[in-house]
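Engineer: Sharing a structure below in structure tokens format, with a few things to ask.
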Amino acid sequence: MADCRKWWFFTNLLVAVEPGAGSGGGVEGQRASSSGARRLTRPNPVEGIPLEDCNEVEILLVEDNPYDAELTLRALKNKGLANKLLTFPDGVEALDFLFGTGAYAGRNLAVRPKVVLLDLKLPRVSGLEVLQRIKGDERTKMIPVVIMTSSQEESDIVRSYNLGVNSYMVKPVDFDKFFQTVEELGLYWLLLNKVPN
């Protein structure tokens, strides 16, 4: 079985931005405007929040964009909600975790995340395919899934709800709004929302 401690977060991104570009350096400036970015240096993955085992996970973040993953983690940390979070950069790895296959064969599937934060545009397996698998399986269909995407396409919204998504959020471009939205989202789904045991 895979050791959950190997999973990583985008916490050490280094972004070189042309002088005067965006609203500032680092992740905030990159979120506000990417037009001036000329180089992205991503160091080797760093170890994520250590967990005793995979059964402690409360939030599953499936996001391939390093800037959005970093901002999401920062916002949740700001409210003390990121202590039991795992992030995956593609749909295949997320499905392996959820269904106990591949590196996660033998994982206790009775213990599920409280919420899945899911991007639509993912490599290998799309967010809509991940959503369809989650909501189409008796073992996982009760897990709340929140789509977090830049897509405002009506077809994506309609298909997501047809597949059973619990909430569809278009990512704000503005850094402060993005941060606030994720904070509120985390507070609702982790502290206020109730799901069957």
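Values in this text are rule-based calculations from the coordinates and carry no lab data. Since the model is a prediction, treat every value here as computed from it, not as a measurement. Virtual Cβ from ideal backbone geometry, glycine too; neighbours counted across all protein chains shown.
Engineer: Cα to Cα, under 24 Å, and not fewer than 8 places away if on the same chain: which lysines meet these conditions relative to residue 77?
Structural biologist: Straight-distance partners of residue 77: 6, 114, 171, 177, 194.
Engineer: While we're looking at this one, here's another question. Pairs of alpha-carbon atoms within less than 8 angstrom and 6+ residues apart define the contacts here; what relative contact order does the range 83-197 have, in percent?
Structural biologist: Numbers: 126 pairs, mean separation 25.4, N = 115.
Relative contact order of the range 83-197: 22 percent.
Engineer: Next up: Quick check on the exposure proxy: order 135, 171 from fewest to most C-beta atoms within 10 angstrom. Provide the component values of the computation, followed by the final result.
Structural biologist: Values: 135 18, 171 21.
Ranked by crowding around the Cβ, least crowded first: 135, 171.
Engineer: Let me ask something else about it. Excluding residue 95 itself, calculate the net charge of residues whose Cβ lies under 11 Å from the Cβ of residue 95, where each Lys or Arg counts +1 and each Asp or Glu counts -1. Please list the in-between numbers first.
Structural biologist: Details: positive: 124, 133; negative: 90, 93, 96, 129, 137.
Charge balance in the 11 Å sphere: -3.
Engineer: Within the range 114-132, name every residue whose backbone N is under 18 Å away from a label modeled 7 Å from Cα of residue 150 along the Cβ vector.
Structural biologist: Flagged as within label range: 118-124, 126-128.
Engineer: Rank these for me by crowding, 173, 165, going from fewest to most other beta carbons within 10 Å.
Structural biologist: Values: 173 11, 165 22.
Starting with the residue having the fewest Cβ neighbours, the order is 173, 165.
Engineer: Now for a separate question. Quick one: dipole size for the range 68-150, taken about the Cα centre, charges +1 on Lys/Arg Cβ and -1 on Asp/Glu Cβ, in debye to the nearest 20. Intermediate results must be reported in sequence, preceding the final value.
Structural biologist: Working: 13 positive and 9 negative charges, 75 e Å.
With only Lys, Arg, Asp and Glu charged at Cβ, the dipole is about 360 debye.
Engineer: Moving on. Suppose the chain between residue 176 and residue 110 were pulled fully straight at 0.36 nm per residue; how much longer would it get relative to their current alpha carbon spacing? Walk me through the numbers before you get to the answer.
Structural biologist: Working: separation 66, 0.36 × 66 = 23.76 nm, distance 3.68 nm.
Full-extension gain reported as 20.1 nm.
Engineer: Another question about this same structure. As a footprinting exposure proxy, order 142, 148 by other Cβ within 10 Å, with the fewest listed first.
Structural biologist: Ordered by Cβ neighbours within 10 Å, fewest first: 142, 148.
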